[in-house]
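The values are calculated or read from the model by the stated rules, or taken from the named source; none is laboratory data. These figures come from a predicted structure and were not determined experimentally. Cβ placement follows ideal geometry from the backbone for every residue including glycine, while neighbour counts extend to all protein chains displayed. Note: accessible area is taken over every heavy atom of the protein model, side chains too, but ligands, DNA and RNA are not part of it. Shrake-Rupley method; radii C 1.70, N 1.55, O 1.52, S 1.80 Å.
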Amino acid sequence: MFRLAFPPARAFVASLFTALFTALFTVVAPSSALAQFPDRPVRIVVAFAPGTGSDVLARLVASGMGPLLNGTVIVDNRPGGGGITGTESVARSPADGYTLALGTTSTLVTNPALNPAAKYSVDKDFAPVAGLGKAWYVLVTAESPETPKTLGELVTRLKAKPASFASAGQGTITHLASEMFLSRVGVTDATHVPYKGSGQAMSDVAGGQVLFASDTVAAALPLIRGGKLRALAVTAPERLATLPDVPTTKELGYADLRAHAWLVLMAPAGTPAPVVTRLSQAALGAMNAPDMREKLKAQELEPMLMDSKTLGEFIRAETPYWNDFIKRTGIKAGS
């Protein structure tokens, strides 16, 4: 005859209590941790020097995020390697939400495609947090009777005889944007002259040492307004309020020439989704502040506000646009 063995009542109750407490703790602990986030300063790593466009935007968003998080957000400049050093430091940081990257088109997408020294991948090593802003590009030449007056005249000049073009450095978006233009119009013998930054590149275009360049509106605008540079086209889908008389590449028949620099916030891959959501909400809240649009305008930036999910979709769509071109042309960093 078999007897069914039941645990003593006290042991059974204790066992049940332990199971319930464990389940409750599993649910409550993350919520409790999130409620306390952040309990120390959040860092936004900028992979470029203070005073650059990335740095200015990072400081604007950091100052707005702090109060919304009931904490402190600081900017940590880590320049080097054309943006690789600072970006990789974030990819290797703990995935706890306390270290973010102010990512750009170049640091996240084109650098890994161009430079073997970039040991990270935007899709494997980062979690999208929020889209912040974007900067359109403008093709310029010297303001001179001897230089092309229109983009069509520039194409004719380039096809007639070899010429040179400037950039802010080998493999930068300023370089790739011009290479895309040359590829699109079928010019293969233009000589690239890379500089260490936009300032000298724009100066030498204005001085006639090189025929043309592509750069952000912010970089070219002072010399355009000063009568030293002539703007031939902008890569925006519509004409810019800053340069209302300058046609878009789309108007001129080059709708696929849509090069622009975008700036976003990224966290290390594996950052808990609730933390990413909280950071995203704070970043977008900061970017939606009443005075932010004017501050962006002063930097020749446009809002590009995206939550984590939308930003991830955007980057997945943008990456092939650049990677396919880099692979097809064989352009390398420093080559």
Exercise. Which of the residues that make up segment 150-174 are under 16 Å from Gly253 (Cβ atoms) and either among the hydroxyl-bearing types (Ser, Thr, Tyr) or open to solvent by 70 Å² or more (accessible area, probe 1.4 Å) (or both)?
Worked result: Thr150, Glu153, Thr156, Lys159
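Please determine whether any residue of segment 310-324 is within 30 Å of Pro67 (Cα to Cα), over 18 Å from the mean Cα position of the chain (by Cα), in contact (Cβ under 8 Å) with a residue 40 or more places away in the chain and not in a loop (DSSP other than H, G, I, E, B). Walk me through how you get there before you give the answer.
So the first thing to find is which residues in segment 310-324 are within 30 Å of Pro67 (Cα to Cα), and the list is 310-315.
Keeping just the survivors that are over 18 Å from the mean Cα position of the chain (by Cα) gives none.
No: zero hits.
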Exercise. If you check every pair at least six apart or on different chains, which have Cβ atoms under 6 Å apart with a residue in segment 55-84 that is within 17 Å of Ala289 (Cα to Cα) first and a residue that is open to solvent by 40 Å² or more (accessible area, probe 1.4 Å) second?
Worked result: Val56/Gln299; Leu60/Lys295; Gly66/Thr72
For this session: May I ask you to say which residue of Gly197, Gly207, Gly227 is of a type outside the set (Phe, Trp, Tyr), modelled with pLDDT of 95 or more and at positive phi?
Result: Gly227
Exercise. If the Cβ limit is 9 Å and pairs must be 6+ apart or interchain, which residue in segment 188-216 that is of a type in the set (S, T, N, Q) pairs with which residue that is loosely packed, with under 15 Cβ neighbours inside 10 Å and not in a strand (DSSP E or B)?
Worked result: Thr191/Pro162; Ser203/Gln209
Exercise. What about Leu232, is it in a strand (DSSP E or B) and farther than 28 Å from Asp55 by Cα?
Worked result: yes
Exercise. Which helices (runs of 4 or more DSSP H) does segment 98-201 wholly contain that include 1 or more residues that are closer than 24 Å to Met304 by Cα and out of contact with any helix residue (DSSP H, G or I) (no Cβ under 8 Å at 6 or more places or on another chain)?
Worked result: 122-125, 173-185
